[in-house]
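Report on one structure; see the data block that follows.
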Amino acid sequence: QVQLVESGGGLVQAGGSLRLSCAASGRSFSNYYMGWFRQAPGKEREFVAAINWSGARSYYADSVKGRFTISRDNAKNTVYLQMNSLKPDDTAVYYCAATAGSLYYTVVSYDYWGQGTLVTVSS
């Protein structure tokens, strides 16, 4: 079992930055791919970014590539999402998730989810 708790969401103006954190508890954090997803009102949950077990490989949705950076600290059991140059379209609830597999881009691949943190970007 892995428990995930996100933090760092809030209200920011367009062009601003936020850093989300996801603290994991439970067993073997370093055995999991970690992902960030988001869900805007009335829309499906979508992939944002993912990182492999060691942190050596990261993957991004086209919509955030070049603006967002995912990282992890296995010693602290924490994964981060640095979000720069935020746009109103980035407004959503952001979820952290963990998967024991490597299909990082699909919701159904993930075994554990956090409760989400709201990011609101004003224009």
Problem set entry | Tally of residues being in a strand (DSSP E or B), basic (Lys, Arg) and over 20 Å from Val108 (Cα atoms) across segment 1-58 | 1
Problem set entry | Answer from Gly35, Gly10 - the residue that is open to solvent by less than 30 Å² (accessible area, probe 1.4 Å), of a type in the set (Gly, Ala, Ser) and in contact with a helix residue (DSSP H, G or I) (Cβ under 9 Å, 6 or more places away or on another chain) | Gly35
Exercise. Open to solvent by 20 Å² or more (accessible area, probe 1.4 Å), within 21 Å of Lys43 (Cα to Cα) and modelled with pLDDT of 95 or more, is that true of Thr91?
Worked result: yes
Seminar exercise, completed: Scanning segment 98-111 residue by residue, the ones that are closer than 17 Å to Asn74 by Cα and under 15 Å from the mean Cα position of the chain (by Cα) total 2
For this session: Determine if segment 43-63 includes at least one residue that is under 17 Å from Gly9 (Cβ atoms), more than 11 Å from the chain's Cα centre (by Cα) and polar (S, T, N, Q).
Result: no
Problem set entry | Number of positions in segment 13-29 that are surrounded by 13 or more Cβ atoms within 10 Å (Cβ to Cβ) and on the phi < 0 side of the Ramachandran plot | 10
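The values are calculated or read from the model by the stated rules, or taken from the named source; none is laboratory data. Please read these numbers as outputs of a predicted model, since none were measured by experiment. Here the Cβ is made from the backbone with ideal geometry for all residues, glycine too, and neighbour counts use every protein chain on show. Ligands, DNA and RNA are excluded from the accessible area calculation, which covers all protein heavy atoms including side chains. Shrake-Rupley method; radii C 1.70, N 1.55, O 1.52, S 1.80 Å.
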